[in-house]
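This report concerns only the one structure given below.
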Amino acid sequence: MRVVEQIEERSPKTVAEYRERLKGRISDLLGGAAVDEQRILTEAAVYADKISVAEETVRLRSHISQFTAMVGSKEAVGRRLDFLVQEMNREANTIGSKCADAQIAHWVVDMKAEIEKIREQIQNIE
């Protein structure tokens, strides 16, 4: 869950960084003329909506909680664990496809590697 927390913490910062880059580019293009701050805020809001991973991280946390509960179960949970790992991988893939930040992309690769290790272990569980 540490990686999920890091992604949740970093994600809003990427929007602020995008806003500043956009403002700088527009200012450069306009040659120092006044920049419409409202338009930049609108573009940043559209960008934030496009790259938001909040839903994915909420679902990923839920899957991790369910997984943890199942691991402690006395029931046969192999197939259900396998399904949860597939869902965790799906959320990680979605986060990776939405991110425009190198650090988040790096964390997603790490997360997917860990999920793959878990998936390999689950293959041995009934």
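In table form, for the structure just shown:
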item	result
Selection status of ALA100, closer than 30 Å to ILE115 by Cα, part of a loop (DSSP other than H, G, I, E, B), under 14 Å from the mean Cα position of the chain (by Cα) and among the aliphatic types (A, V, I, L, M)	yes
Neighbours by Cβ (under 7 Å, 6+ apart or cross-chain): first from the stretch 101-126, farther than 18 Å from SER52 by Cβ; second modelled with pLDDT under 95	ASP110/VAL3; ILE122/GLY78; ILE122/LEU81; ILE122/ASP82; ILE125/GLY78; ILE125/LEU81; GLU126/ALA76; GLU126/GLY78
Candidate set: the stretch 44-62, residues that are farther than 13 Å from ALA100 by Cα and touching a residue at least 24 places away in the same chain (Cβ under 8 Å); chosen: the one surrounded by the most Cβ atoms within 10 Å (Cβ to Cβ)	LEU60
Close pairs (8 angstrom Cβ cut-off, 6 or more residues apart or separate chains): within 12 Å of ARG119 (Cβ to Cβ) in the stretch 71-87, part of a loop (DSSP other than H, G, I, E, B) anywhere	GLY78/ILE125; GLY78/GLU126; LEU81/ILE125; ASP82/GLN123
Residue satisfying all of: in the stretch 1-57; of a type in the set (Gly, Ala, Ser) and outside any helix (DSSP H, G or I); nearest to the chain's Cα centre (by Cα) among these	SER52
Failed condition for MET111, given (1) among the hydrophobic types (A, V, I, L, M, F, W, C); (2) buried (at least 17 other Cβ atoms within 10 Å of the Cβ); (3) farther than 18 Å from ARG2 by Cα	(3)
Residue that is modelled with the highest pLDDT, among those in the stretch 27-45 that are in contact with a helix residue (DSSP H, G or I) (Cβ under 7 Å, 6 or more places away or on another chain) and of a type in the set (Val, Ile, Thr)	ILE40
Lone qualifier among ARG90, ARG80 - being part of a helix (DSSP H, G or I), charged (D, E, K, R) and within 25 Å of SER11 (Cβ to Cβ)	ARG90
Conditions (1) part of a helix (DSSP H, G or I); (2) small (Gly, Ala, Ser); (3) under 11 Å from the mean Cα position of the chain (by Cα); number of the one not met by SER62	(3)
Qualifying residue in the stretch 78-88 (condition: under 30 Å from LEU30 (Cα atoms) and of a type in the set (Phe, Trp, Tyr))	no
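The values are calculated or read from the model by the stated rules, or taken from the named source; none is laboratory data. Keep in mind it's a predicted model, so treat the numbers as computed, not measured. Cβ coordinates were reconstructed from backbone atoms using ideal geometry, including for glycine residues, and neighbour counts include every protein chain displayed.
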